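Since the structure comes first, as structure tokens, the remarks are kept for the end.
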Amino acid sequence: MDGKSVELAGVTMVFDGFTAVHPTQLSIPAGEFHSILGPSGCGKTTLLRIVSGFQRPSAGRVLIGGEPVDHLPANRRPTAMIFQSLALFPRMSVRENVAFGLEARGVSKRERHERADELLALVALETHADKRPDQLSGGQRQRVAVARALAVEPSVLCLDEPLSALDLKLRQHMRSELRALQKRTGVTFIYITHDQGEALTMSDRISVMNKGRIEQVGTPAEIYDAPATPFVAGFVGEQNVFTGKVTAIENGFARIDGAGGTFTGRRMIDVAVGDQAILMVRPERTGIVDAEGANGNRLSARVEGRELEGPYLNLVTRDATGRRVVLHLSNDGRAHPTGGAAVIGFKPEDAIVMPARDGIAAAEAAVDEAGTAPAAAGA
Ligand SMILES: Nc1ncnc2c1ncn2[C@@H]1O[C@H](COP(=O)(O)OP(=O)(O)O)[C@@H](O)[C@H]1O
Ligand SMILES: [Mg+2]
């Protein structure tokens, strides 16, 4: 099998005057595991259906392996798709399920079954070939669906939230299985998910989508540590947010002055002195500091709640202005009692500063809204 590149050139989708996908550019190199991450309703499935030929775009072009495919129906494209609800044929054996797509292509029965057995070996189900789907576990059925999709030797495999029906443990296990399978076959994967954990652990690169637009394309580390927009910052992981006016910029850092104090963080995008801005820092990069000697940013707060997760401790605190600041600490045995005072600190290099062009309230709302966006797709 061989992966091919995928290119979207100005792809747009308008349904009855509603723009589900704004004009989109995206280049996915051959053999990449590319995730499209975003909340329910942001246009992920629509984009994937356009790539695989189940949906004709209102405008724009799709190129696969450098060749335009716009004139080709789904079954003539070098793509295969695994849908959210993977319908296996209940009365067919696992082997027949996998071989199904080859029959339409005129492959002989013997060859079909040989090919199916090879693919079942690839997904470690060779001993289950004669069973029916209902005799398999959820994770095994998922692997059958993958084997069936790979049977037609696609260059691009489109997966639409394929793990969303599985329970948490199995989902986490399947992440590494799918990732390994993608590397083993070299097929380009376009993987849709609303689950940031899936996207971060499985992908070579991620497109983060919001309201029909891709807001950022990057590696998991880029998306997490250098988000391009308040939405991306808030949707992927959690953030503590501080606000103020930019009073200094130096060596790639920006200082903000606000009601909650003076804080410094990495200058993101083109924030300038005098701008209204928001500063964000991750709960796991926010700590309790000693009274003196800590480098960088500090503020006083009161512990409002604590949540022990075994190895970790989540502390919810509130500063003098009433702002909620969350800390993810490793459990070092210290109590941090509720109601107690805490001096909180974080390093400038762990914080980012972004301009709030539409005002601080709008930027804060974008981060907030992203953090609470409805996750479950189709639900
Ligand atoms: N065939 C359609 N007709 C009208 N609206 C649609 C159609 N398909 C999708 N939409 C709308 O387009 C938006 C994006 O949908 P979808 O791509 O399914 O989002 P996601 O997969 O990210 O949850 C939603 O508002 C949805 O209601
Ligand atoms: Mg969807």
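Can you go through GLY66, GLY31, GLY43 and tell me which one is within 16 Å of ligand 2 (Cβ to nearest atom) and in the same structural domain as ARG143 (by TED's automatic domain parsing)?
GLY43
Could you tell me whether ALA363 is buried (at least 18 other Cβ atoms within 10 Å of the Cβ), under 20 Å from ASN210 (Cα atoms) and among the aliphatic types (A, V, I, L, M)?
Against the criterion (buried (at least 18 other Cβ atoms within 10 Å of the Cβ), under 20 Å from ASN210 (Cα atoms) and among the aliphatic types (A, V, I, L, M)), ALA363 qualifies.
Is the stretch 80-91 home to any residue that is touching a strand residue (DSSP E or B) at 6+ places or on another chain (Cβ under 7 Å), at pLDDT 95 or above and closer than 30 Å to LYS131 by Cβ?
No - not one qualifying residue is present in the stretch 80-91.
Just one of (1) away from ligand 1 (no atom under 16 Å from the Cβ); (2) surrounded by 17 or more Cβ atoms within 10 Å (Cβ to Cβ); (3) charged (D, E, K, R); (4) farther than 25 Å from GLY138 by Cβ trips up ARG171, so point out which.
For ARG171, the failing item is (4).
For the stretch 245-259, enumerate the residues that are crowded, with 20+ Cβ neighbours inside 10 Å and either modelled with pLDDT under 95 or touching a Ser or Thr at 6+ places or on another chain (Cβ under 6 Å) (or both).
Passing the criteria: only ARG255.
Give the stretch 199-233 a look and list any residue that's touching a Pro at 6+ places or on another chain (Cβ under 8 Å) and closer than 17 Å to ALA362 by Cβ, or say none.
Across the stretch 199-233, the qualifying residues are ASN210, ALA233.
From the residues in the stretch 46-77 that are among the hydrophobic types (A, V, I, L, M, F, W, C) and within 16 Å of ligand 1 (Cβ to nearest atom), which one is nearest to ASP160 (Cα to Cα)?
Among those that are among the hydrophobic types (A, V, I, L, M, F, W, C) and within 16 Å of ligand 1 (Cβ to nearest atom), it is LEU48.
Hey, can you tell me all the residues within the stretch 1-45 that are touching a residue at least 60 places away in the same chain (Cβ under 8 Å), of a type in the set (A, V, I, L, M), touching a Gly at 6+ places or on another chain (Cβ under 7 Å) and more than 15 Å from ligand 1 (Cβ to nearest atom)?
MET1, ALA30
For residues in the stretch 191-212 being of a type in the set (D, E, K, R) and either within 8 Å of the chain's Cα centre (by Cα) or within 12 Å of ligand 1 (Cβ to nearest atom) (or both), which is surrounded by the most Cβ atoms within 10 Å (Cβ to Cβ)?
GLU198
Taking GLN216 as the residue in question, decide whether it is assigned to a strand (DSSP E or B) and crowded, with 17+ Cβ neighbours inside 10 Å.
yes
Here is a list: LEU168, LEU163, LEU125, LEU102. Which entry is among the hydrophobic types (A, V, I, L, M, F, W, C), assigned by TED's automatic domain parsing to the domain that holds ARG76 and modelled with pLDDT of 90 or more?
LEU125
Test of understanding: among GLY218, GLY212, which residue is assigned by TED's automatic domain parsing to the domain that holds THR79 and within 16 Å of ligand 2 (Cβ to nearest atom)?
So the residue among GLY218, GLY212 that is assigned by TED's automatic domain parsing to the domain that holds THR79 and within 16 Å of ligand 2 (Cβ to nearest atom) is GLY212.
State whether the residues of the stretch 134-144 include one that is part of a loop (DSSP other than H, G, I, E, B), more than 28 Å from LEU37 (Cα to Cα), modelled with pLDDT of 95 or more and out of contact with any Lys or Arg (no Cβ under 8 Å at 6 or more places or on another chain).
No.
The values are calculated or read from the model by the stated rules, or taken from the named source; none is laboratory data. Because the structure is predicted, anything quoted here is derived from the model rather than measured. As a convention, Cβ positions derive from the backbone with ideal geometry for all residues, glycine included, and neighbour counts pool all protein chains shown.
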